[in-house]
Amino acid sequence: MNLFTTEPVQVVSRQETGRNPMNQPTYAWLAEGDPVQALVAPGSTSDVEGSIRPDGVEVIYSLHWPKTDMRSLKGKRVEVRGEQYTVIGDPQPYTDANTPGDWNRPVQVKIVSG
């Protein structure tokens, strides 16, 4: 019996989708494989500082990533609860000895709106 409730999280990566009329590559953010079941912990929210975005808000979530998915998340986005968040940095797993449960990698993600 699992005491934690997971949510589906879809990894999204920037992929080449074709060429424009000037033969330059075009890109789109597309789903990468099947969604994973991660623990989602809402984190901090804060106003974006500065006069450029006076109504801007930054939201950060902490995701706890399953041990079964060891792909790199550097430079990727994830879709959580219908919104795309940017992965912060290059998340690395804890050692297996320190994580007896199903999740071993903390992943910080953020979105800025406004």
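The values are calculated or read from the model by the stated rules, or taken from the named source; none is laboratory data. Only a predicted model underlies this, so the values are computations on that prediction, with no experimental measurement involved. For neighbour counting, all protein chains shown are included, and Cβ atoms are generated from backbone atoms with ideal geometry for every residue, glycine included.
Out of Lys110, Lys74, I need the residue that is among the basic types (Lys, Arg), without any contact (Cβ under 8 Å) to a residue 60 or more places away in the chain and part of a loop (DSSP other than H, G, I, E, B). Which one? Matching residue, one of Lys110, Lys74: Lys74. Only one of the numbered conditions (1) closer than 30 Å to Leu3 by Cβ; (2) modelled with pLDDT of 95 or more; (3) more than 16 Å from the chain's Cα centre (by Cα) is not met by Pro21, and that is (1).
Looking across segment 77-96 at every residue that is of a type in the set (Asp, Glu) and touching a strand residue (DSSP E or B) at 6+ places or on another chain (Cβ under 8 Å), the one that is nearest to Leu39 (Cα to Cα) is identified as Glu79. Just one of the listed residues (Val112, Val59, Val87, Val36) is surrounded by 10 or more Cβ atoms within 10 Å (Cβ to Cβ) and closer than 18 Å to Thr5 by Cβ, namely Val36.
From the list Gly18, Gly43, the one residue that fits, being surrounded by 10 or more Cβ atoms within 10 Å (Cβ to Cβ) and in contact with a strand residue (DSSP E or B) (Cβ under 8 Å, 6 or more places away or on another chain), is Gly43. List every residue pair whose Cβ atoms sit under 6 Å apart, with the two residues 6 or more apart in sequence or on different chains, where the first one lies in segment 1-21 and is under 19 Å from Val109 (Cβ atoms) and the second, anywhere, is of a type in the set (S, T, N, Q) and modelled with pLDDT of 95 or more. Pairs found: Thr6/Gln37.
Of all residues in segment 23-40, those satisfying the criterion of being outside any strand (DSSP E or B) and either farther than 15 Å from Val12 by Cα or touching a residue at least 60 places away in the same chain (Cβ under 8 Å) (or both) are Asn23, Gln24. Of the conditions (1) exposed (fewer than 10 other Cβ atoms within 10 Å of the Cβ); (2) outside any strand (DSSP E or B); (3) out of contact with any Gly (no Cβ under 6 Å at 6 or more places or on another chain), Pro54 fails just one. Which one is it? All conditions pass for Pro54, except number (1).
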